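The structure under discussion appears below in the form of structure tokens.
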Amino acid sequence: AFSDEDLSDFVGRAQKFFAKDVALEIAFTAEPKIDGLSASLRYENGIFVQGATRGDGSEGEDITENLKTIKDIPLKLVGDDVPAVFEVRGEVYMSHADFEALNKKLEAEGKQTYVNPRNTAAGSLRQLDSNITASRNLKFFAYAWGDYSALPADTQMGVVKAFSRWGFKVNPLMRCVKSVEDMVAHHTLIGEQRATLGYDIDGVVYKLDRLDLQARWGFVARAPRWAIAF
């Protein structure tokens, strides 16, 4: 989406699809689109057992040992509602401050500097030496999921709140919105704060909040009908 009208069309498509559901209140989540590297983390009985880049969506690189060095990624989940199997997905990124500090260090050592935080985060995750990854102070926001044995909630927002309970960092700017006006207002708010966030974003992602409605609305090819990036 590139305009308020595109958002309005998205909401209109949802309202039309669910028009037969009398008195249904449709809500969406809104969250910053982090400009980093997507990663999938598999937990079995609450223990982090494998991590990979998203790759082509079905197969990626195994970067388990490097992901274990990121402080925002818990090696063991906490809580009494942790499923036997759960794949947490999120974004690995580097803060502006850490990026600048790394480039200053490299420059002082006469080494080539990095172009931007996203490429630096991606390169850091693919290091053969996990000690180098650890020195980069990468960060992680959890916001989605893949394979699971059970879900801790029946809404997008509810599952993300469970991530927070389990020990993950989730983005504090994530909100639940119920109208195009609310969507635009939150986009404006995030835009006003963008320069002071301390990390890069490249938009806002909106998702239908109720998971049963997501399942009903479905996908077009591999893209979900129930989500849109602005």
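The values are calculated or read from the model by the stated rules, or taken from the named source; none is laboratory data. Quick caveat, the model's predicted, so the values are computed rather than measured. All Cβ positions, even for glycine, are placed from backbone atoms using ideal geometry, and neighbour counts span all protein chains on display. With ligands, DNA and RNA removed, areas are computed over all heavy atoms of the protein, side chains included. Shrake-Rupley method; radii C 1.70, N 1.55, O 1.52, S 1.80 Å.
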Cβ contacts < 8 Å: first residue farther than 19 Å from PHE140 by Cβ and among the polar types (S, T, N, Q), restricted to the stretch 183-206; second residue at pLDDT 95 or above and surrounded by 14 or more Cβ atoms within 10 Å (Cβ to Cβ), any location; separation 6+ or different chain. Result? GLN193/LEU173
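Taking only the stretch 57-67 into account, find how many residues are at pLDDT below 70 and either closer than 10 Å to SER40 by Cα or open to solvent by less than 90 Å² (accessible area, probe 1.4 Å) (or both).
Looking only at the stretch 57-67, we keep the residues that are at pLDDT below 70, and these are 57-59.
From what is left, the residues that are either closer than 10 Å to SER40 by Cα or open to solvent by less than 90 Å² (accessible area, probe 1.4 Å) (or both) are 57.
The qualifying residues number 1.
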Have a look at ILE47, ILE73 and point out the one that is under 21 Å from the mean Cα position of the chain (by Cα) and in contact (Cβ under 8 Å) with a residue 60 or more places away in the chain. ILE73
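Just one of VAL88, VAL22 is over 13 Å from LEU138 (Cα atoms), touching a residue at least 24 places away in the same chain (Cβ under 8 Å) and among the β-branched types (Val, Ile, Thr); which is it?
Details: VAL22 fails: touching a residue at least 24 places away in the same chain (Cβ under 8 Å).
Within the list VAL88, VAL22, the selection yields VAL88.
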Scan of the stretch 80-99 for residues that are loosely packed, with under 12 Cβ neighbours inside 10 Å and not hydrophobic (A, V, I, L, M, F, W, C), ordered by number: ASP80
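Before we move on, is ILE47 at pLDDT 95 or above and open to solvent by 50 Å² or more (accessible area, probe 1.4 Å)? Steps first, please.
Details: at pLDDT 95 or above: yes; open to solvent by 50 Å² or more (accessible area, probe 1.4 Å): yes.
For ILE47, the condition - at pLDDT 95 or above and open to solvent by 50 Å² or more (accessible area, probe 1.4 Å) - is met.
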